[in-house]
Amino acid sequence: MSFKDIADVINEYVGEDTDPVDKPQKSKDARAFEIFLQVKQSVEVAIELDMPADKIEELHIQYWRLSKLDNLEILACSR
């Protein structure tokens, strides 16, 4: 067993990524969609991503559209 094998086992155990290639950072929009998938409120998304409310509302409507929940978009826009 090599030192690399041992390091890989240790990194896997402590939860560190063993892949030396840096993964590209997701955009804030993509991260917002992931948070909406966790059924969190818009205010939680705004706080976690440090984004303005109007941008979060826009992303939430896009999320509904992508999730085939277009009826919610109609209700939101009619306010």
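What to note about this one:
- Peptides ranked, highest mean first, by Cβ atoms within 10 Å: ranges 2-11, 28-37: 28-37, 2-11
- Calculated FRET value between Val43 and Leu69, using beta carbons and R₀ = 30 Å, to 0.05: 0.95
- Amide hydrogen proximity for Lys40: with H placed 1.01 Å from N in the peptide plane, no residue at 5 or more positions away or on another chain lies under 5 Å.
Taken together, the values in this text are just the output of simple stated rules run on the coordinates, not laboratory data. Just so it is clear, the structure is predicted and the values come from calculations on it, not from any experiment. Note: ideal-geometry Cβ built from the backbone for every residue, glycine included; neighbour counts use all protein chains shown.
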